[in-house]
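Everything on this sheet refers to the single structure shown next.
A short reminder: the numbers here are calculations on the coordinates, not readings from a lab. Keep in mind that this is a model prediction, so the values were computed, not measured. In this analysis, Cβ positions are derived from the backbone assuming ideal geometry, glycine residues included, and neighbour counts consider all displayed protein chains.
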Amino acid sequence: MPGSGGTLTLTGKLGEVIRESAQIGLSFCKTHAHELGLVDDQKTDLCVRYCMIRTDSTSLDKRSVHLHMPEGAVGKEGPSAGTAILTALISLFSKTPVAADLAMTGEVTLGGKVLPVGGLKEKLLAARRAGISTVIVPAANEPVIAYKVPATVKEGLNIVYADDVRDVMRVAFAGQPICAKFEGLPLAFGPSPSMPPMPEPASSSIPTPSSSGSTPPPSSPPAAGDRPSLSALKRSS
């Protein structure tokens, strides 16, 4: 739409976290625009290039992106819409449609990693009620869905587990040219939040050998008969 080049307008009573998810999605598109074939060279801004192919106006830097989430009276918050927002932006810039019976949830990082989210049972129930056939969820949530979501909730749903955005795009844009672009996309990931590094043992917890070469036995608490009674303590005070 007309506006300052590259700006992102968000409406629909959105919280701070979900606004950050939208900004992450746009930043990801801009970062990998050349690799995804959305711009001709690395120096071309994505929003400027999109304006060039959408309008004959001479003001090529006067475009911005407006993202609205319906039911504006209902507050929306959380990072779970990260994959959906990114998919919507890729669909917009590549002019590639997404299937109407597809839903997804998951947080997205700037590096393209899909992180786990909560509320999977409720989200899968909502997908069934909306007539959705395929749902993309984070791969780290697979144990939760396997053991904590009843089979009656999962019945009739094709649940696809995504570890990064390439897994998401394989389903969202199956058979489309943009899908092949994602296959060769270099992504940088940090440590997985589902498998945190094990802490190193404290040095004080490791017993040290004595001068004779043997490890001293741990000290044991005194026996009940060796402890002073409460009345004896009162007399001594």
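Modelled spin labels at Glu71 and Ala126, positioned 7 Å past Cα toward Cβ, are 0.6 nm from each other. Spin-label model, Thr134/Ala180: points 7 Å from Cα along the beta carbon direction are separated by 1.9 nm. Sorting Thr152, Thr87, Thr134 from the fewest to the most surrounding beta carbons within 10 angstrom yields Thr152, Thr134, Thr87.
In which sequence would Ser27, Ser21 go, from the one with the fewest C-beta neighbours within 10 Å to the one with the most? Numbers along the way, then the final one.
On the way: Ser27 12, Ser21 22.
Ascending Cβ contact count within 10 Å gives the list Ser27, Ser21.
Each Lys and Arg adds +1 at its Cβ and each Asp and Glu adds -1 at its Cβ; summed about the Cα centre, region 8-183 shows a dipole of about 300 debye. Multiplying the residue separation of Leu92 and Ala146 by 0.36 nm and subtracting their alpha-carbon distance yields 16.0 nm.
Shown in residue order for region 12-18 are the 3J(HN,Hα) couplings computed by the Karplus curve 6.51 cos²θ - 1.76 cosθ + 1.60 at θ = phi - 60°: x, 6, 9, x, 5, 5, 5 Hz (x for Gly and Pro).
I need the shape label for region 8-183. Rule: rounded when a/c is under 1.5, else prolate if a/b > b/c, else oblate, with a, b, c from the alpha carbon gyration tensor. Prolate shape, in that a/c is at least 1.5 and a/b is the bigger ratio.
Classify region 76-163 as rounded, prolate or oblate, taking a ≥ b ≥ c as the square roots of the eigenvalues of its Cα gyration tensor: rounded when a/c is under 1.5, otherwise prolate if a/b is larger than b/c and oblate if not.
Details: a/c = 2.04, a/b = 1.34, b/c = 1.52.
Oblate, because a/c is 1.5 or more while a/b does not exceed b/c.
Maximal additional length on extending the Asp40-Thr7 stretch stands at 9.8 nm, based on 0.36 nm per residue less the C-alpha distance.
Over region 8-183, calculate the relative contact order: mean separation of alpha carbon pairs under 8 Å at least 6 apart, over the residue count, as a percent. Before the final figure, lay out the partial values.
Values: 265 pairs, mean separation 40.2, N = 176.
Over region 8-183, the number comes to 23 percent.
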